[in-house]
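What follows is a set of notes on a single structure, which appears directly below.
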Amino acid sequence: MTRDDVAAAESAAAVVYDLDGTLVDLVVDWAAVERRLADLLEREGIDADPLSAWELLDAAEAAGVGEAADDLIAAAERDGARASDRLRRADELLAREIPVGVCSLNREDAVRIALDAHDLAAHVESVVGRGTVPERKPHPRPLLAAVEALGVAPEEVVFVGDSARDEETAERAGTRFEWV
């Protein structure tokens, strides 16, 4: 963490964390998930190569099989949440004396499973995951929903994440961003 990161976090009225890769590492074989998604799409006559899991979900939604694709991903995420590894930032979350939220691309029920598995749930006031709101990161709505539930203005929040998608989400939502 840089001095600027420390200063931003210390001056924040609230902190919102991404989940996977930030607080925990979900144990998910994403290659296997992508193969199952590709099979689902190919049965619909859609060429799935070389799409990533999230691009495959977008393609499945466009093909009218989005719910089946989301259910497939969510099942892997729930299993991965139960077996997840706790990361250093989880300890930081526990030490926070300001409101804390989680905003994740993972399905909300998987996020809650991971938070429970690592005794973090009681320290998190707001949880927004895939399915909580209709949009997904990098759309700003998921992060703004988490921020709104914390009762603070977006510009008073630091969003902590591990991806360019997280950084873009923070920019679009008007929050500050801190890389893990």
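Among the residues of segment 125-144, write down those that are surrounded by fewer than 21 Cβ atoms within 10 Å (Cβ to Cβ), closer than 16 Å to V15 by Cα and touching a residue at least 40 places away in the same chain (Cβ under 8 Å).
Listed by number, the list holds a single entry, S126.
Within segment 85-144, take every residue that is among the acidic types (D, E) and in contact with a helix residue (DSSP H, G or I) (Cβ under 8 Å, 6 or more places away or on another chain) and give me the one that is nearest to R172 (Cα to Cα).
So in segment 85-144, the residues among the acidic types (D, E) come out as 85, 91-92, 97, 108-109, 116, 119, 125, 135.
Cutting the leftovers down to in contact with a helix residue (DSSP H, G or I) (Cβ under 8 Å, 6 or more places away or on another chain) gives us 109, 125, 135.
Working: D109: 25, E125: 22, E135: 13 Å.
So the residue we want is E135.
Helices (runs of 4 or more DSSP H) wholly in segment 1-102 with at least 3 residues that are touching a strand residue (DSSP E or B) at 6+ places or on another chain (Cβ under 9 Å) and either modelled with pLDDT of 90 or more or crowded, with 16+ Cβ neighbours inside 10 Å (or both) - which ones? Can you show your working first?
Working: elements: 3-11, 30-43, 53-62, 66-82, 88-95.
Answer list for segment 1-102: 3-11, 66-82, 88-95.
Yes or no: segment 90-106 includes at least one residue that is of a type in the set (K, R), closer than 25 Å to A153 by Cα and over 18 Å from the mean Cα position of the chain (by Cα).
Applying the first criterion (of a type in the set (K, R)) to segment 90-106 yields 96.
Filter once more, keeping what is closer than 25 Å to A153 by Cα: 96.
Subset that is over 18 Å from the mean Cα position of the chain (by Cα): 96.
Yes, segment 90-106 contains at least one residue that is of a type in the set (K, R), closer than 25 Å to A153 by Cα and over 18 Å from the mean Cα position of the chain (by Cα).
What number goes with the only condition from (1) outside any helix (DSSP H, G or I); (2) touching a strand residue (DSSP E or B) at 6+ places or on another chain (Cβ under 7 Å) that A145 does not pass?
It fails just one condition, (1).
Considering D119, D109, which residue is under 19 Å from W30 (Cβ atoms), surrounded by fewer than 19 Cβ atoms within 10 Å (Cβ to Cβ), of a type outside the set (S, T, Y) and at pLDDT 95 or above? Spell out how you get there, then give the answer.
Numbers: D119 fails: under 19 Å from W30 (Cβ atoms).
Exactly one of D119, D109 is under 19 Å from W30 (Cβ atoms), surrounded by fewer than 19 Cβ atoms within 10 Å (Cβ to Cβ), of a type outside the set (S, T, Y) and at pLDDT 95 or above, namely D109.
Of all residues in segment 155-180, which are out of contact with any Cys (no Cβ under 8 Å at 6 or more places or on another chain), assigned to a strand (DSSP E or B) and in contact (Cβ under 8 Å) with a residue 24 or more places away in the chain? Full working, then the answer.
Quick first cut of segment 155-180, residues out of contact with any Cys (no Cβ under 8 Å at 6 or more places or on another chain) only: 155-158, 160-168, 170-180.
In the following step, the residues that additionally are assigned to a strand (DSSP E or B) were identified as 157-158, 160-161, 176-179.
Of everything in segment 155-180, those that are out of contact with any Cys (no Cβ under 8 Å at 6 or more places or on another chain), assigned to a strand (DSSP E or B) and in contact (Cβ under 8 Å) with a residue 24 or more places away in the chain turn out to be V157, V158, V160, G161, R176, E178, W179.
The values are calculated or read from the model by the stated rules, or taken from the named source; none is laboratory data. Keep in mind it's a predicted model, so treat the numbers as computed, not measured. Every residue, glycine among them, receives a Cβ derived from its backbone with ideal geometry; neighbour counts consider all protein chains shown.
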